[in-house]
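Only one structure is covered here, and it is reproduced in the block below.
The values are calculated or read from the model by the stated rules, or taken from the named source; none is laboratory data. All of these numbers come straight from a predicted model, not from anything done at the bench. We work out accessible area using only protein heavy atoms, side chains counted, and drop any ligands, DNA or RNA first. Shrake-Rupley method; radii C 1.70, N 1.55, O 1.52, S 1.80 Å.
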Amino acid sequence: MDQKIEHFSHVHPLLLKEDHKNDEDDGVVKSVSCSACEEQISSGPYYSCKECNYILHKSCIQLPLKLKHPLHPQHPLTLLSTPPYDAGYLCDACHGTFEKGFVYHCSLCAYDLDISCASTWHPDDGHVHTFISLNSLQPFVCYACGDKAEEGSACFCTTCQIWVHSSCAELPLTIIKHFHHHPLQLTYSLHHVYGFRDDITCGVCNGTMTSGFAGYYCSDCRFPMHLKCPDFDIDSDEEVKDHEDETLAPDKDEGSNIGSSKNDHCRISQDVGFGHNHSLRLIEEMSLEFADKLCGGCVQAINAPLLYSCSENCGFLLHKTCAELPRTKQHQFHPHPLTLLSKAPSYDGIYRCDGCKSLSNGFVYRCDECQFDLDVPCGTFTDKVKHQSHKHPLSLEKTNIARECKGCHFPSKYLLVCDVCDDFAIDCWCANLPSMTWNKCHKHALSLIYNGQGELMECNNCGICREKISPKTWLYCCEECDFGAHPSCVVDKSCNSVKFGGTFQYDVHSHPLALVEETGKHPPPPCEACGEGCKGWTIECGQCKCYFHREGQCFWEQLKKSSQYLTLSRTMRQKFAANVLAATPNVTHK
């Protein structure tokens, strides 16, 4: 009797076949490719459907429905019979693209492995495919070490479509060195060990490592090392031991050693990874020179008497409270610990806070596993918040179903809720609104009025956008004249935590680039991509005088040409697309 089974991937029963030769005679199998792995069916055993064109290897039938994989140890992977995205998927191990077939998927992290990589790939294996020696006809970026190489002799992987130096292709898979007590293994997947970060510190030379390229690491204690450092001359094993201790205990003395001296803070800022190359000096008194400046951490106005200023006068400022932020913390909005980074892993450091949905390029509390980001205002919320809009303390709560905010009446899942009043909740953006602020559209200071507090102004229209103001929402009003405005008009929700100026380096351009809000030129210079005038948010090169719109497709097309873009996970690419293509202010006039 023929053996039949029910399989989750198909609506009809599947019949076991031991031999492929009889398929054409009985007309059962119309295809000879496995619907799971898309490999040719050359021999049995396999399962097929009598009703339709569906066939599976017996080995594919036996794939586990749940898989704990070393490349994604934080969550189990679920076997899906079809890709979870409309346009197929990109395997996060081999970077191959697949339009159909089975896939191991993590819905929390949007992480995907094709079934071949899920069965064979391990970060300790180096590169699992064979490199072939070829002559490159053009310069390339080595996928192993990240260095640029001129045309000439190189090695190429036909499966992953990557080029590496010939010397990098011959690197040993495992090495044993006197300065570390465990074997060190070669991996092309540092981002699966340390997350998508650009601030991993090599345990030998103390240089910066990029997780998008290859490196050596210790699977026992996560000790990292550059590819170039196995032959590095170590004078003292104590130096490496100290680094191992820091790697194993990153939370040691969280901010407890920050003092008022220049040297103390310089040491702590480098240890925390705040990303500023100069020493900082403590300023104990406010002065007019800081009146219109922004803190490099929270990207808010300098409003406290104690702050740190760059000793080289490069313009970097930091609230003392931001300098003392804990390096890691557990937050009520996310189940995993969050790590404080000086810059988000985007090309210009801009990210969208998952709490308040505002854009920021300041410090970020981040979970690499889930690509979850909180800006400093949201990341520093305590469990109980006393807010002027309500008489009871508010608790932080992440809800599965969005609730309406009492301030703006928009739904949100990240809320401050009252445990006493069941119907009161405000979202993070409203909770962070300043009680008093200024706007260029009005000459006086504006005070935030909560619904039900004080007398509403006589006029019913917003003084900025001229749209009607609902009496149930919060508003800013002037105590000296009859002026009122929506909070979203007074405090721009899209860029209230973005600091313009400064420079960043990206490999799509040979010079440093800067993010500017206005080019200051009249008429505005043309965008290199679309030819329209650059106003609003603009990417500017000061050396070759070229400009790109940051919003829309203009710089996005340049971004996708970058080797750094290829190191990003699918979720990060989706976040880039959301932030760059649709989320930045578009004030370009045709």
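Residue 357 sits with roughly 90 Å² accessible to a 1.4 Å probe, with DNA, RNA and ligands left out of the calculation.
Both numbers refer to the Cα atoms of the stretch 526-565; Rg and Dmax are 10.0, 28 Å. The accessible area of residue 51, taken with all protein chains in place and a 1.4 Å probe, comes to roughly 140 Å². Residues 280, 67, sorted by accessible area with the largest first, give 67, 280 [1.4 Å probe; ligands and nucleic acids excluded]. Of the residues 80, 184, ranked by 1.4 Å probe accessible area with the largest first, the sequence reads 80, 184.
Given a cut-off of 23 Å, name the pairs among 148/560; 406/440; 293/443; 343/560; 293/320 whose C-alpha atoms lie farther apart than that in the structure shown.
As for pairs spanning more than 23 Å Cα to Cα, those are 406/440.
Derived value for the stretch 366-421: Kirkwood hydrodynamic radius 12.6 Å. Basis is the mean of 1/r over every pair of different alpha-carbon atoms. Residues 555, 500, ordered by accessible area of protein heavy atoms at a 1.4 angstrom probe radius and largest first, appear as 500, 555. With 24 Å as the limit on Cα-Cα distance, the pairs of 357/384; 329/384; 357/561 that go past it are 357/561.
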